[in-house]
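Down below is the structure, laid out as structure tokens.
The values are calculated or read from the model by the stated rules, or taken from the named source; none is laboratory data. The structure presented is a predicted model; accordingly, all values stated were derived computationally and were not measured. Here the Cβ positions follow ideal geometry from the backbone for every residue, glycine too, while neighbour counts run over all protein chains shown.
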Amino acid sequence: MENQLQKIVNPLLAWYDTHRRALPWRIDRDPYHVWVSEIMLQQTRVEAVVKYYTRFIRTLPDVRSLSEVPEDRLLKLWEGLGYYSRARNLKKAAEMMVRDGGGVFPDTFDSLRKLPGVGEYTAGAIASICFHEKVTAVDGNVLRVVSRVTGSRENVLLPAVRRRMESLLLQVLPDDAGSFNEALMELGETVCLPGSAAQCGECPLRGNCTAFRDGIAAELPVRVKKTQRRQEQRTVFLLMTEDGRIAVEKRPDTGLLAGMYQLPNVEGFLTEEEIRVAAETWGMQVLDIAFLKEARHVFTHLDWLMKGYRVRVARPAGAFLWVTPAQLREQYALPTALKPFAPFPTAWKKRGRHSSGEQE
Ligand code: ADE
């Protein structure tokens, strides 16, 4: 398939040639300068970085001076930029360069990547800008530009999507990969701005941009965060009398699955002995215990991993309602999470998450 990004290379480089901002780390292509600026720019905006950068380079002009600076002095230079591990890693990396390489800067993507604090993006930026290596440097700005140009609605927070975009870029990288990478970042920072701040009227890629054509620039890129789910292990009891009635109980009127009826269940994976003790504590005499199955149910903020057991009992306890399978099916609202353990065929088996309309 044709790579849509091919068409942006020349207009982008031409635009960068005339529109690039005069930033202090662009005066030369000294790797020490580019490295320090890239690390500062990781969590901080360009305008804020300029004055920190200038003072930093004046105070610590090279790898050796950085490797020797006392930590207090270093942190003082960094004060206000935040994320201080960035500064500590800079010094650690400088110490490594002095110790292992006689103060010489690593000059390939792979060797840069070994420095503390240098990830794929930073290694790609330094290798391409300073050493003309044909590698990509993909940050959030670049993902935004690529999503819009290609009209991709894929979630850029997924590593696989990022990889695919990197590989599309790699296919079209020109000889001056450094300028191309910087031009993409620059466009993302000054024109292809997030959301409705996008300045499509000024964009040199307007004619090659799917999002502009379709009027959806403000919607891209798609960034869907994984929700944090707590995992909980639960043991589910299918308590059954000899004539086939089953214990159910009503859940509290507030909270998860409020007011629904459930098979008794407790937190944790119980051993069969613990299951027997629990049933006896509830006032029952246990005849036998048989493992049924495992099941999982994903709620919005919670993930239940369940093991179910059929426990046949001789003396049903009063704390529960004892119902026939037909009653359970027809009269009681059993949460989908527990249906795998119910003693009837699950005709309304999982059709995907929340297919029952239970939003928990
Ligand atoms: N943001 C981070 N690094 C950059 C660079 N080298 N050029 C433009 N913007 C950047």
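Things to note:
- Within the range 35-66, the residues that satisfy the criterion of being outside any helix (DSSP H, G or I) and of a type outside the set (Asp, Glu) are GLN42, GLN43, THR44, ARG45, LEU60, PRO61.
- Among residues of the range 13-34 being within 11 Å of the ligand (Cβ to nearest atom) and in a helix (DSSP H, G or I), the one that is surrounded by the most Cβ atoms within 10 Å (Cβ to Cβ) is VAL34.
- Of the numbered criteria (1) crowded, with 18+ Cβ neighbours inside 10 Å; (2) touching a residue at least 24 places away in the same chain (Cβ under 8 Å), the one CYS203 fails is (2).
- Checked against (1) under 30 Å from SER65 (Cβ atoms); (2) outside any helix (DSSP H, G or I); (3) touching a residue at least 24 places away in the same chain (Cβ under 8 Å), VAL104 meets all criteria but (3).
- Condition check for SER128: among the hydroxyl-bearing types (Ser, Thr, Tyr) and more than 16 Å from the ligand (Cβ to nearest atom): no
- Among the residues here, LEU115 qualifies as surrounded by fewer than 23 Cβ atoms within 10 Å (Cβ to Cβ), over 21 Å from the mean Cα position of the chain (by Cα), at pLDDT 95 or above and outside any helix (DSSP H, G or I).
- Some residue of the range 86-99 being within 14 Å of the ligand (Cβ to nearest atom), at pLDDT 95 or above and among the β-branched types (Val, Ile, Thr): no
- First in the range 36-55 and under 20 Å from ILE129 (Cα atoms) and of a type in the set (A, V, I, L, M), second anywhere and within 12 Å of the ligand (Cβ to nearest atom) and part of a loop (DSSP other than H, G, I, E, B), Cβ under 9 Å, 6 or more apart: LEU41/ASP139; VAL46/ARG21; VAL46/LEU23; VAL49/LEU23; VAL50/LEU23
- There is no residue in the range 267-274 that is closer than 27 Å to GLN327 by Cα, surrounded by 14 or more Cβ atoms within 10 Å (Cβ to Cβ) and assigned by TED's automatic domain parsing to the domain that holds LYS339.
- Test for SER147: is it away from the ligand (no atom under 16 Å from the Cβ), under 30 Å from THR210 (Cβ atoms) and of a type outside the set (Lys, Arg): yes
- LEU75 in contact with a Lys or Arg (Cβ under 7 Å, 6 or more places away or on another chain) and at negative phi: no
- Look at the range 152-171: where a residue is free of Cβ contacts under 8 Å to residues at least 12 places away in the same chain and a partner is assigned to a loop (DSSP other than H, G, I, E, B) and of a type outside the set (Phe, Trp, Tyr), sitting 6+ places away or on another chain with Cβ atoms under 8 Å, you get VAL161/SER152; VAL161/GLU154; ARG164/GLU154.
- Entry remark, the range 67-86: residues being touching a residue at least 40 places away in the same chain (Cβ under 8 Å) and part of a helix (DSSP H, G or I) number 1 in total.
- Counting only residues that are surrounded by 22 or more Cβ atoms within 10 Å (Cβ to Cβ) and more than 11 Å from the ligand (Cβ to nearest atom), the range 170-195 holds 3 of them.
- Checking ARG315, ARG310, ARG296 one by one, the residue that is of a type in the set (D, E, K, R) and in contact (Cβ under 8 Å) with a residue 60 or more places away in the chain is ARG310 and no other.
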